[in-house]
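Colleague: Just passing along the structure, written as structure tokens.
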Amino acid sequence: MSYAEAVADGIWAANAVRVGYIPSVTVAPVINSLVATDGGADGVSPRVTPLSREEEAIGVMGAVAFTGRLGAVVMQDNGFGNALTALTTFALSYHLPLLIFANTRGSLGEYNSMIHSISGPMPGVLRAFGLPVIELDRRSSAADWHEAVRESGVHAVMTYRPVVVLGSFWNTDGKVA
Amino acid sequence: MKRLEALRVLADLTSGHPVVVTCAATSRELAAVKDSDNHLYLLDAMGLAGSVATGLALSVPPNAPKVVCIEGDGSLLMNPNVLPTGGYLAPPNLLLVLLDNGVYGSTGALPTYSARVNLARLAEAAAWITRSTDSVEGLRAAFEELCGIDGPAFLYARIEEGNAHDVAKLLIDPVTITTRFSRWLRQEHASEVGA
């Protein structure tokens, strides 16, 4: 199982019923795996939905929780800058479980000279807002990523709030950018 | 048509529908007209009502009553992605009612773009089924018509500028809103929402 497949399978294993994504080259294999395992193709399947911006992803996927089920978002960490108001004044304030997996940028393996300026501080920014952040990287196996993603979804449901999993694909079988 | 008049009509028409309401004056005026468990008031998160309504519409079966979003022009313009996303995903049971007063009514009545940008045509270009009105009678008729049509529907309603006087601020804990709205969904549509 690749790291991307581990993330995708972990999202389904967490009992997410719908996934929205904002594309990045790093999470494209995750999205492709989600779509393939859901019987779709070309970035779309019955339960996997492309979305245009992280802010709306929090709204669209956060709303799933009103039906007693779990939604999930797959995105890149710099997109949290677009989503903070929705995360705080909607998902956190209304106590809505939501599983968010985001790949990280701006560290080892990065080519972009500026993206670290938003991606580097992001774990601390998210924690400052009260969001649980689980960080994964090369030091654990794909199987561990699978379990961490799955359990993060369980934790989101149990604690009635979004849980963020940040994954650095550097020196795994994935790519950073 | 004043916003309060429009909301009286909508409150009457939506008693069996999940209703997502944009923040500030619109939410508090709807609550003043009729406070109900099927109302999901967004107390902040300006611009998010359409996205939340889209997520709900995708999460309940197409045969459930349409998810109704009551949105303002300023709020829609803060997150206009609602239109292409709704048109692309095309939930058949989504009805967005846009109450356009041409201003940011809760923040000093400064002008929005709507005097120069036709929001109904924007919605139409994004593949929504649209109707427009500027009267109470027209609002009721268009709402009832659009409820019978599959596809994301957009009801553009021109309203007068100005907020209702002596309407109390909505000081509900948002967690309370989640609890009562979710309970209403389970009770009314138990077979459809995985209760």
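Colleague: With A:2, A:45 as the choices, which residue is over 23 Å from residue A:158 (Cα atoms), away from chain B (no Cβ under 11 Å), in contact with a helix residue (DSSP H, G or I) (Cβ under 7 Å, 6 or more places away or on another chain) and open to solvent by less than 20 Å² (accessible area, probe 1.4 Å)?
Modeller: Answer to the selection: A:45.
Colleague: Let me ask another. If we only count helices (runs of 4 or more DSSP H) wholly inside region B:40-147, which ones have 2 or more residues that are more than 30 Å from residue A:73 (Cα to Cα) and within 16 Å of the chain's Cα centre (by Cα)?
Modeller: Values: elements: B:49-59, B:73-78, B:82-89, B:119-125, B:136-147.
Where helices (runs of 4 or more DSSP H) fall fully within region B:40-147 and carry at least 2 residues being more than 30 Å from residue A:73 (Cα to Cα) and within 16 Å of the chain's Cα centre (by Cα), they are B:136-147.
Colleague: Name the one entry in B:136, B:103 that is open to solvent by 30 Å² or more (accessible area, probe 1.4 Å) and in contact with an Asp or Glu (Cβ under 6 Å, 6 or more places away or on another chain).
Modeller: Only one candidate passes the filter, namely B:136.
Colleague: Something else now. Which residue pairs have Cβ atoms under 6 Å apart, sit 6 or more places apart or on different chains, and have a first residue in region A:1-19 that is touching a residue at least 24 places away in the same chain (Cβ under 8 Å) and a second that is polar (S, T, N, Q)?
Modeller: Final answer for the pair search is A:3/A:172; A:4/A:33; A:5/A:33; A:8/A:33.
Colleague: Test residue B:7 against the stated conditions and say whether it is open to solvent by 30 Å² or more (accessible area, probe 1.4 Å) and either modelled with pLDDT under 95 or among the hydrophobic types (A, V, I, L, M, F, W, C) (or both).
Modeller: When the stated conditions are applied, residue B:7 does not pass them.
Colleague: Checking the condition out of contact with any Lys or Arg (no Cβ under 8 Å at 6 or more places or on another chain) and buried (at least 17 other Cβ atoms within 10 Å of the Cβ), which residue from B:185, B:170 passes?
Modeller: Exactly one residue qualifies, and that residue is B:185.
Colleague: For the condition within 12 Å of chain A (Cβ to nearest Cβ), in contact (Cβ under 8 Å) with a residue 24 or more places away in the chain and either over 23 Å from residue A:48 (Cβ atoms) or of a type in the set (Gly, Ala, Ser) (or both), what is the one hit in B:48, B:30, B:58, B:40? Walk me through it before giving the result.
Modeller: Numbers: B:48 fails: either over 23 Å from residue A:48 (Cβ atoms) or of a type in the set (Gly, Ala, Ser) (or both); B:30 fails: within 12 Å of chain A (Cβ to nearest Cβ); B:58 fails: either over 23 Å from residue A:48 (Cβ atoms) or of a type in the set (Gly, Ala, Ser) (or both).
Residue meeting the stated conditions: B:40.
Colleague: On to the next question. State which residue is farthest from the chain's Cα centre (by Cα) when the search covers only region A:56-87 and only residues that are open to solvent by 10 Å² or more (accessible area, probe 1.4 Å) and at the interface with chain B (Cβ under 7 Å from one of its Cβ atoms).
Modeller: Looking at the filtered set, the residue picked out is A:68.
Colleague: Please specify each residue of region A:88-105 satisfying the condition of being within 11 Å of chain B (Cβ to nearest Cβ), surrounded by 24 or more Cβ atoms within 10 Å (Cβ to Cβ) and touching an Asp or Glu at 6+ places or on another chain (Cβ under 9 Å).
Modeller: If the condition is that a residue be within 11 Å of chain B (Cβ to nearest Cβ), surrounded by 24 or more Cβ atoms within 10 Å (Cβ to Cβ) and touching an Asp or Glu at 6+ places or on another chain (Cβ under 9 Å), then A:90 is the only one that fits.
Colleague: Within region B:35-58, take every residue that is under 17 Å from residue B:177 (Cβ atoms) and at pLDDT below 95 and give me the one that is least open to solvent (accessible area, probe 1.4 Å).
Modeller: In this case the residue turns out to be B:45.
The values are calculated or read from the model by the stated rules, or taken from the named source; none is laboratory data. Fair warning: this is a prediction, and the values are worked out from it, not measured in the lab. In this analysis, Cβ positions are derived from the backbone assuming ideal geometry, glycine residues included, and neighbour counts consider all displayed protein chains. Keep in mind that these areas ignore ligands, DNA and RNA; they rest on the heavy atoms of the full protein, side chains included. Shrake-Rupley method; radii C 1.70, N 1.55, O 1.52, S 1.80 Å.
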